[in-house]
Amino acid sequence: MTFMSSRMVRHELNKEELKKLGAKFIDIQGVMFYVKFRINNYKISYLYHLNSDNTYFLERIKPYTMAVGNYSTEEEIVDLIKVDIEQFSNAMKSKHFKNFLDIDMNISKLVRIFEDLYLYYNLDDDDIDKINGELDQLLEIFLQIKFKSERVYLKKEPDVLKDNLQLQK
């Protein structure tokens, strides 16, 4: 007779919930889960795994990689993915969606370039200050764009885009 823990039962229920949304599901050793969607010829994929403290770490891996965060339950993961899919489906209606993805890929590439810069080179104070100054200006541009743009998704507040963006210094 097969015995399933309550965590595994909840996991199976959550897998079914994601499958109803159109996900294809791959279990990797029962602790890591790959969730895939295809919406309007775009692939949207997530990877989440069980941490040693019985929480879950979620990241979106397509159309671009982004760590989303740690969550206490798989239900939270399902809820977050539902909202994310809804937001992407809405964003895909924009004539600028391809440009949004290109910009996001370039920002991700900048993060990797910067990581290479500080891991492989000894940067001087002036260069670090210059980078921080440029990033401050970019954040200010993002805020200006936010304030002049029409908000199109209202079911949830933005996670990071607040009225006062500040860099860590």
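Observations on the model:
- No other residue among E115, E150, E157 is loosely packed, with under 12 Cβ neighbours inside 10 Å, more than 21 Å from A67 (Cα to Cα) and either free of Cβ contacts under 8 Å to residues at least 60 places away in the same chain or of a type in the set (F, W, Y) (or both) apart from E150.
- Any hit, segment 66-87, residues being farther than 23 Å from K19 by Cβ, at pLDDT below 95 and of a type in the set (D, E, K, R): no
- Test for N132: is it farther than 26 Å from I85 by Cα, outside any helix (DSSP H, G or I) and not hydrophobic (A, V, I, L, M, F, W, C): no
- Test result for N14, part of a loop (DSSP other than H, G, I, E, B), in contact with a helix residue (DSSP H, G or I) (Cβ under 9 Å, 6 or more places away or on another chain) and more than 20 Å from D159 (Cα to Cα): no
- No other residue among V68, V83, V31 is among the β-branched types (V, I, T), surrounded by fewer than 16 Cβ atoms within 10 Å (Cβ to Cβ) and under 13 Å from the mean Cα position of the chain (by Cα) apart from V83.
- Of everything listed in (1) without any contact (Cβ under 8 Å) to a residue 12 or more places away in the chain; (2) within 19 Å of D159 (Cα to Cα); (3) among the aliphatic types (A, V, I, L, M), the single unmet condition for I81 is (1).
The values are calculated or read from the model by the stated rules, or taken from the named source; none is laboratory data. Every value quoted in this text rests on a predicted model; they were computed, and no experiment measured them. Positions of Cβ are generated from backbone atoms using ideal geometry, with glycine treated the same way; all protein chains shown enter the neighbour counts.
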